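Derivation of every value follows stated rules applied to the coordinates shown; laboratory data play no part. Since we're looking at a predicted model, the values are computed, not measured. Reconstructed Cβ throughout: ideal geometry from the backbone, glycine too, with neighbour counts over all protein chains shown.
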Amino acid sequence: MSDKKVRVRFAPSPTGGLHLGGVRTALFNYLFAKKNKGDFILRVEDTDQNRYVEGAEAYIIDCLNWCGIIPDESPVTPGQYAPYRQSERKSIYREYAERLVMQGHAYYAFDTAEELDKNRKEIPNFQYGQVYRDGLRNSLSLPQHEVDQLLADHTPHVIRIKIPADQTVSFTDMIRGRVSFETNQVDDKVLLKADGMPTYHLAVVVDDYLMKISHAFRGEEWLPSAPVHLLLWDYLGWKANMPQWAHLPLILKPDGHGKLSKRDGARLGFPVYAMNWFDAKTGELTPGFRELGFLPEAFVNLLATLGWNDGSDREIFNIDELADKFSIERISKAGAKFDFEKAKWFNAEWIKKVKGERLKVEVRKVLADKGVIIKDDAYLLTVIELIKDRCTLLPDFYQQSAYFFQTPAEYDLNAVKPKWTDEKTDFFNSLAVMLNSVETLVAADLETSFKALAEEKGLKTGDVMLPFRIMLVGGKFGPHVFDIAALLGKDETINRVEKALVAFK
Ligand code: GLU
């Protein structure tokens, strides 16, 4: 690698919710920057006014914050290359487009939208390019005086790149190696639109140059645009400064057939967006990983493994470990299948891995949403520690812990009633008396005396353990029953036993 400072950018267009592939692109940029002590820049590519969606930029920034992928420079934390929103850089681009016209690498095109539509309809595979451009209304086909007049009259026009005929343009992709394109396949892309806004093609090249971007990671879907960008870097005289590109493999549908889309998520019942996205125009809410109950640690971890591994079997990494291990050589060329079951596995692993303290805010919210009031913070923490290994998604904390905060309203009666006997009633009455006589419940002591009492009453421990659990929990789940009783405390345990006895008889 050259000694040029590493500067990478995530350059999303604020057009809606952020697909997990977009977050992975941001992540790989970030990891590469951190690994190489470089800068990670967020640049908002909002030059397409038709696709601009209010609120999408703030949403993207929220997503990055949630994931801990924090930019060094961004529209909200600008650095020396401000502004970081392309719409605010509008005045910068015209000069470069005009320079290309002067040099003969670009031209003015006056065709109206209707004229272009007509051509598209009438000419199969119509492309604005070397085959047809001479017959269209542009500064290459029209006489100079007519062009001058049209410009003097402020006739709406765009500036298009003049793609040369019969050339091969190539570059070395950091993941794919040498990639070549035939210019005959490429059309004369618009560089500057009639409203004076640059298109993505011009803006991305100018900004990568001006912002001194050294490496650019972007999705594979941008590969077909590369020849246009390569020619622009060349024509603008900046070839030596061109960033090294890495086109990241696609994230594929679970069956491996094609790119994972928002629709696949809806069809298969899992999110593809990082966070919930509400489209104010259509009123449609697209679910996100965050709201479904993913931890950002797990989300980041699972994204990193879509198309990358560290060369070992290890799968669990935090973001700093990822930055430390990250290497482009270990990014695969092939697309990565998305597996939602595996995604959930990552979340369960992360819930197990983090300290209870880390989960407090999220669990408190999950419980509050269900109307569970938590008075004692230390108690909440103990509960979390006791049950977190049983939770896959954050909302599972409600199902797994509600009984610690409220007496069960219902019991799994099918599990107890058919086998209920007077002996069992007697056992639990005696248990209540025994519980009353101890100062505080200690799980191990309780277990010993519970078993002794069962023996004394001629019952198998197993026959009274399950009813005891159902009395405390309501169902056949949860951690060790004596741990539950100890945590509930003496009074509450007695209350629950007495209340359940009425229901079980
Ligand atoms: N604005 C493009 C996008 O929305 C950025 C592509 C690139 O990184 O060059 O993904």
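Here are the numbers for the structure shown:
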| item | result |
| --- | --- |
| Segment 367-484, relative contact order in percent, only Cα pairs under 8 angstrom and at least six apart counted | 32 |
| Mean Cβ neighbour count within 10 Å, used as a protection proxy, ranking 465-475, 491-501, 381-391, 22-32 highest first | 22-32, 465-475, 381-391, 491-501 |
| Charge-dipole axis of segment 123-191 as Lys and Arg at +1 and Asp and Glu at -1 on Cβ define it, positive-most pick from Ile123, Gln185, Leu140 | Gln185 |
| Assigned charges on the beta-carbon of Lys, Arg, Asp, Glu; segment 437-505 dipole about Cα centre (debye) | 360 |
| Helix 461-473 axis, angle to the chain major axis (alpha carbon atoms, nearest 10°) | 60 |
| Angle in degrees between helix 422-437 and the longest Cα principal axis of the chain, rounded to the nearest 10 | 80 |
| Out-of-range pairs (alpha-carbon distance over 26 Å; input Lys259/Lys342; Lys4/Lys325; Lys388/Lys505; Lys90/Lys162; Lys37/Lys90; Lys451/Lys490) | Lys388/Lys505; Lys37/Lys90 |
| Pair Lys342, Lys417: separation of 7 Å Cα→Cβ label points (nm) | 4.6 |
| Gained length - Ala368 relative to Asp279, 0.36 nm times residue gap less alpha-carbon distance | 29.4 nm |
| Size of electric dipole in the chain: Cβ of Lys, Arg +1 and of Asp, Glu -1, about Cα centre, debye, nearest 20 | 500 |
| Table column - 3J(HN,Hα) (Hz), segment 66-80, Karplus curve with 6.51, -1.76, 1.60, x for Gly and Pro | 4, 7, x, 9, 9, x, 7, 9, 6, x, 9, 9, x, x, 6 |
| Lys/Arg +1, Asp/Glu -1 at C-beta; the chain dipole; positive extreme among Leu413, Gly489, Leu250 | Leu250 |
| Dipole of the chain, positive direction: furthest Cα of Asn65, Tyr200, Val438, with charges on the beta-carbon | Val438 |
| Projected label distance in nm at Ala82 and Thr461, using a 7 Å step from Cα toward the beta-carbon | 6.9 |
| Set of aspartates and glutamates with alpha-carbon distance to Lys419 below 12 Å, sequence-local pairs under 8 removed | Asp463 |
| Mean separation of Cα contacts under 8 Å (6+ apart) over length of the chain, as relative contact order % | 12 |
| Relative contact order [Cα under 8 Å, 6+ residues apart], segment 116-215, whole percent | 23 |
| Sequence-distant residues sharing a close amide H with Lys337 (under 5 Å, placed H) | Leu252 |
| Aspartates and glutamates with Cα under 15 Å of Lys262, excluding same-chain neighbours fewer than 8 positions away | Asp279, Glu284, Asp339 |
| Amide H contacts of Phe10 (H built 1.01 Å from N, under 5 Å, at least 5 apart or other chain) | Ile41, Leu42, Arg43 |
| Built amide H within the under 5 Å cut-off of Leu248, gap 5+ | Arg218, Gly219, Glu220 |
| Vicinal HN-Hα couplings computed from phi for segment 447-454 (Karplus, 6.51 cos²θ - 1.76 cosθ + 1.60; Hz; Gly/Pro x) | 4, 4, 6, 4, 5, 4, 5, 4 |
| Exposure proxy order (Cβ contacts within 10 Å, fewest to most) of His145, His105 | His145, His105 |
| Estimated vicinal HN-Hα couplings, Hz - segment 207-212 in sequence order (Karplus 6.51, -1.76, 1.60; Gly, Pro = x) | 6, 4, 5, 5, 8, 6 |
| Packing-based exposure ordering (other Cβ within 10 Å, fewest first) of His480, His247 | His480, His247 |
| Added length on full extension, which subtracts the Cα-Cα distance from 0.36 nm per residue, Ser225 to Ser261 | 10.9 nm |
| Estimated FRET transfer efficiency (Leu116, Tyr52; beta-carbon r; R0 25 Å; 0.05) | 0.65 |
| Length added when fully stretched, Asp376-Ser141, from 0.36 nm per residue minus Cα-Cα | 76.7 nm |
| Relative packing of 48-59, 299-310, which averages over residues the other C-beta atoms within 10 Å, highest first | 299-310, 48-59 |
| Sorted peptide list for 362-369, 62-69, criterion being average Cβ within 10 angstrom, highest first | 62-69, 362-369 |
| Distance from segment 433-505 to segment 72-116 (C-alpha centre basis), Å | 73 |
